[in-house]
Amino acid sequence: MQKIKGTLIPIGGNEDKGIDANEMYTLEFIDEGILFHVVKEAGGPDAHIVVIPTASSIPKEVGENYLTAFTTLGCKNVEVLDIRSKKDSEKQHAIDLIKNADCVMFSGGDQSKITNKIGGSTIHKILLDRYQNEEGFVIAGTSAGAMAMANEMIAGGSATESFIKGAVKMYKGLCLIPEVIIDTHFIRRGRFGRQSEAIAKHPNLLGIGLAEDTGMIIKNGIECTVIGSGMVIVFDGSKLTHNNEKVLKEGTPMTIANLTIHVLSNGDQYNIENRKVTVLPIEAPFI
């Protein structure tokens with residue numbers, strides 16, 4: 001495994017943006033919220049942050065929401081890069097922004113839009129190169145933006161028909177972290193079954209299910225630390241003793257035995273390479 005120098009921050013969606021008067025979540029936005037961690041990892045309020053709302057069906061509004069959120073956190077150098085076609089990914093303005101950003105933040109929406117409009121482009125290649133080779137460079141993504149970080153990307157699928165072969169639809173992602181399959185809005189939308197099928201399809205990979213307003217800071221492509229107000233569910237299929245996914249017809253219930261599941265929360269750590277959990281000591285403060 002190549003030593004990765006950059007930082008990935010996948011987020012489960014619906015992260016606190018410091019906008020709502022009635023806070024749904026319990027963390028203080030300014031000094032504990034997920035976007036605070038994004039800014040901190042990128043180098044602080046002076047960091048150059050580029051927001052890419054390509055996945056969204058309302059990119060202008062989503063871009064403005066992030067401008068407001070990052071401004072609230074004291075950031076003065078935030079720009080929105082509105083990419084709506086593959087052609088936009090080849091424009092010099094886009095290339096210059098991605099070359100000079102300290103942090104690139106992908107919004108939620110439809111993850112297939114990210115891979116269709118950015119995958120394989122010049123800016124995709126720059127993102128991969130900088131993430132692998134530059135310390136301090138951050139790529140964050142929420143919901144669709146988190147799911148697109150994988151190589152085997154969940155593109156859709158039914159939560160109500162979970163554990164049935166064919167309930168999950170897979171697509172090629174941006175391949176920033178090919179060792180994992182990421183799913184988001186995990187608890188609220190009941191996505192346990194579709195992540196189980198994804199891991200049954202690819203038992204050598206690790207499944208990461210992110211609750212809303214919850215994320216992971218991933219260093220070196222290996223060391224994950226949970227941030228935010230919810231849970232991260234980790235699926236490890238490396239010790240499966242029975243997995244009949246390959247032989248079943250679509251629409252048939254699946255059998256998976258000895259799937260290992262970890263439920264992690266704020267401050268807990270997970271090592272992708274050795275698949276080890278380190279829990280936050282009871283007396284330690286939340287991150």
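The values are calculated or read from the model by the stated rules, or taken from the named source; none is laboratory data. Here the structure is a predicted model, which is why all the values come from computation and not from measurement. Heads up, the Cβs are rebuilt from the backbone with ideal geometry, glycines too, and the neighbour counts pull from every protein chain shown. Surface areas here come from the heavy atoms of the whole protein model, side chains and all, with no ligands, DNA or RNA. Shrake-Rupley method; radii C 1.70, N 1.55, O 1.52, S 1.80 Å.
If only residues of the range 242-287 that are touching a residue at least 60 places away in the same chain (Cβ under 8 Å) and within 19 Å of the chain's Cα centre (by Cα) are counted, the one that is least open to solvent (accessible area, probe 1.4 Å) is 272. Among the charged types (D, E, K, R) and open to solvent by less than 90 Å² (accessible area, probe 1.4 Å) - does that describe any residue in the range 65-78? No.
Among the residues of the range 199-215, those that are open to solvent by less than 20 Å² (accessible area, probe 1.4 Å) and either more than 16 Å from the chain's Cα centre (by Cα) or aromatic (Phe, Trp, Tyr) (or both) comprise 199, 200.
If a residue counts only when it is of a type outside the set (Gly, Ala, Ser) and more than 21 Å from residue 53 (Cβ to Cβ), which strands (runs of 3 or more DSSP E) contained entirely in the range 121-211 have at least 1 such residues?
Values: elements: 138-142, 152-157, 168-172, 180-183, 206-210.
Hits in the range 121-211: 152-157, 168-172, 180-183, 206-210.
Just name the residue that is nearest to residue 118 (Cα to Cα) out of those in the range 32-64 that are open to solvent by 30 Å² or more (accessible area, probe 1.4 Å) and not acidic (Asp, Glu). Checked the range 32-64; the qualifying residue nearest to residue 118 (Cα to Cα) is 57.
Test residue 158 against the stated conditions and say whether it is over 19 Å from the mean Cα position of the chain (by Cα), open to solvent by 20 Å² or more (accessible area, probe 1.4 Å), among the polar types (S, T, N, Q) and farther than 24 Å from residue 206 by Cβ. Lay out the reasoning, then the answer.
Details: over 19 Å from the mean Cα position of the chain (by Cα): yes; open to solvent by 20 Å² or more (accessible area, probe 1.4 Å): yes; among the polar types (S, T, N, Q): yes; farther than 24 Å from residue 206 by Cβ: no.
When the stated conditions are applied, residue 158 does not pass them.
The test for being among the basic types (Lys, Arg), open to solvent by less than 20 Å² (accessible area, probe 1.4 Å) and more than 11 Å from the chain's Cα centre (by Cα) does not hold for residue 188.
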